[in-house]
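Q: Here you go, one structure.
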Amino acid sequence: MNQATLQKQDWTWVGRFVAVIVVALILASAIGSMDLFAKTFVIDGKLSASHLVRFLGYSTALGALWMLGQRATIALQKHGGRWSFMQHLILPVVTLIVVASTNSIALLVLKPMMNASLNNIYNWVFIVGIVGCAVWVVMAVLGQSASLTEAFTSAAGRISATNKAKICAACGTENEPSAKFCKQCAKKLSDTAAA
Ligand SMILES: [Zn+2]
């Protein structure tokens, strides 16, 4: 097996995921628009079988899209070649799409059951989620995710290093790291006594 067929085989699963997404979307909207489903109600006048079918179909498509994003990220980490820079971008972008679409898809079945205040909470959950994902995308685009993590961990390391209290050798009192004399017994604190 040569390199070309190997790479071709590695990516055929993408087509399967795309097929699942497309078929789920088509079936959901086709069955959902049938009179039988549109005029049969689970909750009278509010929640129809059409709502349920579309909810199931669209959420299946979204689930497949998210799994596709996850598998693509893993595949790019292993053998992305010149596309490996995409590995940090795919998951944030796909998650943003999934979260934004989940908002309206979940409303298909949740709307009849929510009052105004619940609806408001629901909206805020998604606003926070979407903004969070958008920030994630921006960070990924800037390529700062890794260096930010590094900055945070080194800052935390510095803080814990400087926060070591000076224990007085004479009375055992904990003093500020910068203290020269013990606040309890006023003996001189040596730097080596830091614990
Ligand atoms: Zn002391």
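Derivation of every value follows stated rules applied to the coordinates shown; laboratory data play no part. Owing to the predicted nature of the structure, the values given are computational and were not obtained by experimental measurement. Heads up, the Cβs are rebuilt from the backbone with ideal geometry, glycines too, and the neighbour counts pull from every protein chain shown.
Q: Arranged by the count of other C-beta atoms within 10 angstrom, fewest first, what order do Y58, Y122 take? Numbers along the way, then the final one.
A: Values: Y58 21, Y122 16.
Listing Y58, Y122 from fewest to most nearby Cβ atoms yields Y122, Y58.
Q: In which sequence would W136, W124 go, from the one with the fewest C-beta neighbours within 10 Å to the one with the most? Provide the component values of the computation, followed by the final result.
A: Details: W136 17, W124 10.
Ordered from fewest to most neighbouring Cβ atoms within 10 Å, W136, W124 come out as W124, W136.
Q: In a shell of Cβ-Cβ distance under 12 Å around C168, excluding C168 itself, what net charge do Lys and Arg (+1) and Asp and Glu (-1) give?
A: On the way: positive: K166, K180, K183, K187, K188; negative: E174, E176.
Summing Lys and Arg as +1 and Asp and Glu as -1 gives +3.
Q: Can you check what the net charge comes to around A64, using other residues whose Cβ is under 14 Å from the Cβ of A64 (Lys, Arg +1; Asp, Glu -1)? Show your work: numbers first, answer last.
A: Details: positive: R16, R71; negative: none.
Residues near A64 contribute +2 overall.
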